[in-house]
Amino acid sequence: MPLTFHVDIVSTEKAIYSGTAHWLVAPTEMGEIGVLARHAPLLARLKPGLVRLVREPDFDESFFVSGGFIEVLPHTVTILADTLLRTPEMNESAARAAKARTEEALKLTTSKTDYHRLKVELEMETALLRTIEQLRVRKQRR
């Protein structure tokens, strides 16, 4: 029987998940990391992308994070996400519309502060669309 570890996934609005997992994958600024039980301690910044949590051998759950932090200890993983969406909450048409609005606003902005804020928003919206595409491809393979 595979080893498990405790996972807490929390956004700024609410606790999303608290339970055990066999493994998980998370997008960090240094690249994707995979975590198994007894992983070496680690603290890393999350970048926008897909967190995949496998609770049972044939059951996994996916979440989109816009950023935040992941803390890994040998028997516990904590994900503190800025914004977090469960897979069913992801809306491709809304994400495409938001990305188009942000791209248009970027073209029109003259403020350096607004420009940097809009670049961060664009990165998140692009990552959300990439995540939706990854999930679509994975679903087709099944």
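Here's the yes/no breakdown for (1) in contact with an Asp or Glu (Cβ under 8 Å, 6 or more places away or on another chain); (2) exposed (fewer than 14 other Cβ atoms within 10 Å of the Cβ); (3) at pLDDT below 90:
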residue	(1), (2), (3)
LYS14	no, yes, yes
ALA40	no, yes, no
VAL54	yes, no, no
GLU89	no, yes, yes
SER93	no, yes, yes
ALA98	yes, no, yes
| Candidates VAL25, VAL7, filtered to the one that is at pLDDT 90 or above and open to solvent by less than 20 Å² (accessible area, probe 1.4 Å) | VAL7
| message | Anything in the stretch 81-120 that is farther than 14 Å from SER66 by Cβ and in contact (Cβ under 8 Å) with a residue 40 or more places away in the chain? List them, or say none. | response | THR87, GLU92
| remark: Scanning the stretch 103-121 residue by residue, those under 15 Å from THR83 (Cβ atoms) and in contact with a helix residue (DSSP H, G or I) (Cβ under 7 Å, 6 or more places away or on another chain) turn out to be GLU121
| message | List pairs: first residue in the stretch 38-59 and within 16 Å of ALA21 (Cβ to Cβ) and assigned to a loop (DSSP other than H, G, I, E, B), second residue open to solvent by less than 60 Å² (accessible area, probe 1.4 Å) and at pLDDT 90 or above anywhere in the structure, Cβ distance under 7 angstrom, at least six positions apart or on different chains. | response | ARG38/PRO74; HIS39/VAL72; HIS39/PRO74; PRO57/HIS22
| query | Do you know which residues across the stretch 57-74 are in contact with a Ser or Thr (Cβ under 9 Å, 6 or more places away or on another chain) and either surrounded by fewer than 22 Cβ atoms within 10 Å (Cβ to Cβ) or closer than 15 Å to ARG45 by Cα (or both)? | reply | GLU61, SER62, PHE64, VAL65, SER66, GLY67, GLY68, PHE69, ILE70, GLU71, VAL72
| request: Just name the residue that is farthest from the chain's Cα centre (by Cα) out of those in the stretch 57-79 that are closer than 16 Å to MET124 by Cα and not small (Gly, Ala, Ser). | output: PHE69
| query | Within the stretch 80-116, restricting attention to residues that are touching a strand residue (DSSP E or B) at 6+ places or on another chain (Cβ under 8 Å), not in a helix (DSSP H, G or I) and not basic (Lys, Arg), which residue is farthest from LEU129 (Cα to Cα)? | reply | LEU80
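The values are calculated or read from the model by the stated rules, or taken from the named source; none is laboratory data. All figures in this text were calculated on a predicted structure; none of them were measured in a lab. FYI the Cβ positions are ideal-geometry reconstructions off the backbone, even for glycines, and counts take in every protein chain you see. With ligands, DNA and RNA removed, areas are computed over all heavy atoms of the protein, side chains included. Shrake-Rupley method; radii C 1.70, N 1.55, O 1.52, S 1.80 Å.
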